Every structure is written in C-alpha cells, then in structure tokens.
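Inspection log for the structure reproduced underneath, given as structure tokens.
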Amino acid sequence: MGAPEVFPIGLGFVKAFLVRGTRDVLVDAGMKGSGPRLRAALERFGTGLDRLALVVITHGHLDHTGGLAEIVPAIACPVAVHRGDAELLRTGRQRPFTPVSPLFAALVRLASRRAAASSLAGIEPGILVGETFDLEPYGVEGTVVSTPGHTAGSVSLFLAGGNVIVGDALRGAIGHPSAPRWPFVVEDFEANRKSVERVLERRPSIIWTSHGGPLGAEAARRFLRG
C-alpha cells in the first residue's frame, strides 16, 4: 500500500490533517466555523468531503470537533473517536481540565467561557475506538492507538513510513513551532507523559501536532528528559 502522505490544514491556531493513502482520511475538524476552510483545503488537495473514507477525531475538545456539524451532512463516511471521548462528541460539552502552567490559566478561563456560550450540535460517532484501530480498510497503512492524558480518549495515528499525528499530546512552542512543549491543558498529566514516552518508543520520523510543529523525535526526547 505504501507510506501515506500527511497534509496539514491550517484552521487558525489549530490544524486538521489530510492523510492520503489509496484513499483519503481527515483527522480532526477544527473549531466551529471551520467547515468552509476544510472544504476549500480538500479541494486544493484534489479531493472533497464526499470522497473521504473516514474522519478520525484525536480527542473531544471543541477546537478539534467544533467544525464537525458543518461537514457531517456532506460526508459519506463514518466519524471515529475513542470511546473515552465519545460523550464529548455527543454533547459538545467539556470535562474539567488543568492548565499545565499558571500562565495559561486566564486564557483557559476565557476559552472555557466562550465555549460555554457556543452551541454545538451533538454528533453521534460511527466508530468507537478502543486501544487500537486499523486504518488499512480505509485505504491508509497505519493504526490509531489510544494515548490518553490530554483527555481520557486522546489517540495518535501511527502511519507507515514513520509519521505520527499526536493531536495535543505535545505542541510546538509559541513563536518556535518546532520546539516541543506540553499541551496547554491536561486531564491527567502523568498519563500524558507516559503516552508521549510510548510514542517515542516507536521511533517516529516526524511528529505532527495540532498546535505548532511538526516536531523531530530527538527534540521531543530531549524535552522529555528535561
């Protein structure tokens, strides 16, 4: 089948990804209002919402799921999410989380108020992911793997050829996108650290993050040791 290609899709301060094998898989859907930008980006890559084989959600935060309701009517494929975050998708509500630094506390409170004021349509996932989920039936040589911590249902996509998409398990530093940093918020910091360790044990060649990045594996290892 061959190594899939990864195409980042900028949606403001967050990214979605198009993963192209023999078919196309969309990873995440951005914030509310991202639907038109997703459509335009897919068209630039020579595909469309109606040609996607699968949509994978890396976790249930609103900056990754808010655009789903705008694209679901146009897709003919299932939406996959880990069972640990399925309720977030169904309700559009968020669980409590902790900023990793006091610096982000005020920003998180502001974002939480805006999210609470934003009405999101609930989405019923078509596929509930467990510990692993094979992407090969959807035209992509790779596996979705549970990597909890940022949220209970966070997942990463390990693709043939060494690319890994980790969602928010790591991010790039503000102003230095290739410098690894911990996510802005976590539900369980120790679980998140262990998930990053498991990612690095697989010796990825490129680590794609939803905020900043991409990251090099050696830079991530140095960050983890520090």
(message) Over the Cα atoms of the chain, what radius of gyration and what Dmax do you get, in Å?
(response) 16.1, 47
(message) List residues of region 65-94, by number, whose backbone nitrogen lies under 18 Å from a label position 7 Å along Cα→C-beta of ALA40.
(response) 67-68, 70-71
(request) Just grab the label-to-label distance for ARG193 and ARG225, each label 7 Å out from Cα along the Cβ direction, in nm (one decimal). (result) 1.6
(request) Return a whole-number percent for the relative contact order of the chain, with Cα pairs under 8 Å and 6 or more residues apart as the contact set. (result) 18
(message) If you filter region 1-106 for chymotrypsin sites (Phe, Trp or Tyr not before Pro), then keep DSSP loop positions with at most 16 other Cβ within 10 Å, what is left?
(response) PHE13, PHE45
(request) Return the calculated 222 nm mean residue ellipticity for the chain, to the nearest 500 deg cm²/dmol, obtained by summing -39500 (n - 2.57) across DSSP H runs with n ≥ 4 and dividing by the residue count. (result) -7000 deg cm²/dmol
(request) Would you work out the charge dipole size for the chain about its Cα centre, treating the Cβ of every Lys and Arg as +1 and the Cβ of every Asp and Glu as -1, and quote it to the nearest 20 debye? (result) 680
(request) Sort region 114-226 into rounded, prolate or oblate with this rule: let a ≥ b ≥ c be the square roots of the eigenvalues of the Cα gyration tensor; rounded if a/c is under 1.5, and if a/c is not under 1.5, prolate when a/b is larger than b/c, oblate otherwise. (result) oblate
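Just so you know, all these numbers are worked out from the coordinates, no wet-lab data involved. The structure presented is a predicted model; accordingly, all values stated were derived computationally and were not measured. For neighbour counting, all protein chains shown are included, and Cβ atoms are generated from backbone atoms with ideal geometry for every residue, glycine included.
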